Amino acid sequence: MAQHPDKIKWKEHMSHGLSASQFGMALGLCGRVVDFVDYLRNIVGTELEFTGNASTSHGIVTEAKSRSLYELLTGNAVSDGGFFLTDDGLLGCSPDGRMFYRTNSQNGDSQPQVKGNISTIEVDTREKAVPTVKIPFRSKWQPQVHSTSSLESSSSSSPMQEKCRLLEIKSPFHSLYDGSKPAYQPFGIPQQYLCQMQGQMAIAGVDECDFFVYLDKPACQVVAWRVYRSQEFWEWAGPKLRQVSQWVRDGPPSWLNRSFEFDAFDFSKLVVEPLIFPYDITENAPIRDPRRFPFFERHPNPYESTTSLLLKDDQEALLRSLMNPVTRFLFYSETDSQTEDGMQKEECVLWCRSEKPIPESATVGISWNSLNVEKNSTNDIANWNMKVAVKKPLDFNNGIVICTVHNRQVKFNENNDNSISVRYFERLFFTSLLPLTTQSPALEAVAPSTVMDPLNDGCDDPSSRPETVNECSQRSFYFINETKRFDKRRRSCSISDDSVIIIENESTSRRSVSIEVCTLSQ
């Protein structure tokens, strides 16, 4: 990931300080301790210093996309990870994100809360009023209050206490991590990353950290763990890390050679739980591989048919997000549809309808871009009198998905701004959408061949096709109504009060690009 600005300033004044991403190397889990000390003393700052490779660049490029997918799957709003230091300033960390939630101090029940390092939070809880939450997305690198102390709540009198959970994101280059490797035991997480997360939790004073791994190509796959803070680990690691920092500052002792190793820590003492079982979003199926994911094989897989009926509410919501075709549309990209920096080449749009009335809570965080649509569209979208066009983001850094709302009862006006901004953690909104070509309630991706071309309609006789269709006769047309009917007896399209999708740059490798909507004459 890109370095936090506060971390860069800290390194300038504390060159011998160690960041959490270096803890595994300092403890000898990624080579010899003496080699790491020599690297920091004699290599850093020269032309030989490591500045990145294809794998690290890939991680930086996909970090925002990974964070967005985590928000959509879990329903958690991720805020700036911040930067934290120990009291002596020798050890620091900059997590990829933080999530804030409330917990009942008496029974430990937690209630997710949309709060964090963001500029404004407005919640209206008056009786008979629809709650409104305005949450402007804040980039990880926006200015913030410098934090050097823990995030632990100091309030013990209130039964509801605010807590924080950290997020660590990894985006491997070729495949998900192979849990059969010795260095990945016993949970399937590389041990240097366990050191990194334990250090982050200790320095920031947080008890939990979600470890989210996202593979974007050649297939879209995810897996995640929840790691809990271990005081025993930090009592083992903290003194050793400070010792290495001293060796970097003053020079290593004469007895420090390549045969030196710290005493080992038993990582099986850590508490780690499955969060998201290995899942292939591209294939819409769980990944069952006992060799590569032995840790998950020791737990009942909630995505299997034998256990899916016993899912808790949060697990069921997560599974619906994994299976949702909208999730696949947003986060799976074919290789030839991306630029070298991993961004989408052209804009793609997916037209959707609702499987059932959307819960009122799903529209709470939606930002309407036009005051003209705000008055009536909230009720319309809740009752599903509208169709929604989901626009695939070209850039995931702004943290929102732009959707266009089309009301069947109102004639489309291209001059009106009928767009809405939906944040990824509005999970209920996205899981309530289904592509218009999906005829069954099952959450299955729809092949492009199921969309009908009204200018062909399976008929090879050119005379049976309409000669003109308004001003758009030179373009391809795809229906957006459920019935997809076409009256060949007319000289122009008649689709009741529905419209059609106009595709200007049609591609055989993708469903649609560069679309607009127009109403055809009767």
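Throughout, read-outs are computed from the coordinates displayed, never taken from laboratory work. Note that the structure is predicted; figures quoted are calculated from it, not measured. Here the Cβ positions follow ideal geometry from the backbone for every residue, glycine too, while neighbour counts run over all protein chains shown.
What ranking, highest mean first, results for peptides 250-259, 209-218 when packing means the other Cβ atoms within 10 Å averaged over each residue? Don't skip to the end; give the middle numbers.
On the way: 250-259: 10.6, 209-218: 22.3.
Ranked by mean Cβ neighbours within 10 Å, highest first: 209-218, 250-259.
What is the distance in Å between the Cα centroid of the stretch 41-82 and that of the stretch 178-226?
The stretch 41-82 and the stretch 178-226 have Cα centres separated by 14 Å.
Take the residue pairs Lys163/Lys387; Lys181/Lys240; Lys170/Lys392; Lys9/Lys269; Lys170/Lys312 and return only those whose Cα atoms are more than 30 Å apart. Please list the in-between numbers first.
Numbers: Lys163/Lys387 38 Å; Lys181/Lys240 25 Å; Lys170/Lys392 22 Å; Lys9/Lys269 36 Å; Lys170/Lys312 27 Å.
In this structure, Lys163/Lys387; Lys9/Lys269 lie more than 30 Å apart at Cα.
Per residue and in cubic angstrom, what volume does the convex hull of the Cα atoms of the stretch 26-98 have? The partial results should precede the final answer.
Values: hull volume 11.0 nm³, N = 73.
Per-residue hull volume (Cα only) is 151 Å³.
Can you pull the one-decimal nm distance between simple spin-label points at Asp88 and His13, each 7 Å off the Cα toward Cβ?
For Asp88 paired with His13, the spin-label model returns 1.8 nm.
Plugging the Kirkwood radius over Cα pairs into Stokes-Einstein for the stretch 218-304, at a temperature of 37 °C and a viscosity of 0.692 mPa s, what D comes out in µm²/s? It would help to have the intermediate numbers written out before the result.
Details: Rh = 16.7 Å.
Estimated diffusion coefficient is 197 µm²/s.
About the Cα centre of the stretch 183-252, how large is the charge dipole given +1 on each Lys and Arg Cβ and -1 on each Asp and Glu Cβ? Please answer in debye to the nearest 20. List each step's numbers first, then the result.
Working: 6 positive and 7 negative charges, 37 e Å.
For this selection, approximately 180 debye.
Using R₀ = 35 Å, calculate the FRET efficiency as 1/(1 + (r/R₀)^6) where r is the Cβ-Cβ separation of Ser57 and Asp313; round to 0.05. Mind showing how you got there, number by number?
Values: r = 39 Å, r/R0 = 1.12.
Computed FRET efficiency for Ser57 and Asp313: 0.35.
Given the options Gln246, Phe211, Asn284, identify the residue whose Cα lies farthest towards the positive end of the charge dipole of the stretch 159-288 (+1 on Cβ of Lys, Arg; -1 on Cβ of Asp, Glu).
Of the listed residues, the answer is Gln246.
What ranking do His299, His406, His58 get, fewest neighbouring Cβ atoms within 10 angstrom at the top? Before the final figure, lay out the partial values.
Details: His299 11, His406 16, His58 19.
Going from sparsest to densest Cβ surroundings: His299, His406, His58.
Would you mind getting me the FRET efficiency between Phe260 and Thr46? Use the beta-carbon distance for r and R0 = 25 Å, nearest 0.05.
Values: r = 25 Å, r/R0 = 0.98.
Calculated value: 0.55.
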